[in-house]
1. Could you say whether any residue in region 27-38 is over 29 Å from N111 (Cα atoms), among the hydrophobic types (A, V, I, L, M, F, W, C) and in a loop (DSSP other than H, G, I, E, B)?
2. Out of (1) modelled with pLDDT under 95; (2) of a type in the set (S, T, N, Q); (3) open to solvent by less than 80 Å² (accessible area, probe 1.4 Å), what's the single condition that is false for S7?
3. Taking region 24-53 only, how many residues are modelled with pLDDT under 90 and either aliphatic (A, V, I, L, M) or open to solvent by less than 50 Å² (accessible area, probe 1.4 Å) (or both)?
4. Residue under question is V47, and the condition is that it be assigned to a helix (DSSP H, G or I) and closer than 15 Å to K103 by Cα; does it hold?
Amino acid sequence: MNTKALSEVYSIIQVMNINVRSNIPDSFMTFLRENRNILYNPKFDKVPKNFDNLEHDTQVIFALIFKKYFSQYNNLEIETNNSRELVKYRESFISKLLGAIKKAHHNILKNRWR
């Protein structure tokens with residue numbers, strides 16, 4: 001297992017919106033925390049728009065995370081809670097995450113056939 005990738009995944013999840021992050025099981029977060037490279041602690045201010053500069057395994061892990069825990073957001077209607085800005089932010093975040101995961105997945109498949 002690429003422990004550097006686990007460190008990147010763990011660090012990126014830490015900067016996700018709490019409502020999104022709550023979809024990831026505690027058991028998976030414990031696995032990341034216990035198996036990551038503690039000497040490699042990348043810092044992220046926000047979820048990267050582009051995963052190209054991250055470990056290949058980081059891209060693969062996020063593709064799997066998205067498929068398992070976030071694919072339900074494709075058809076989800078988000079409650080407004082009387083705050084249009086909150087809804088726009090959530091939709092924008094999910095869209096950005098989806099776009100980054102799809103791009104990483106496409107790059108993985110493209111590189112596989114070279």
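The values are calculated or read from the model by the stated rules, or taken from the named source; none is laboratory data. This is a predicted model, so every value here is computed, not measured. The accessibility values were calculated without ligands, DNA or RNA, using every heavy atom of the protein model including side chains. Shrake-Rupley method; radii C 1.70, N 1.55, O 1.52, S 1.80 Å.
1. yes
2. Looking at each condition in turn, S7 falls short on (1).
3. 3
4. On the way: assigned to a helix (DSSP H, G or I): no; closer than 15 Å to K103 by Cα: yes.
Answer is no for this residue.
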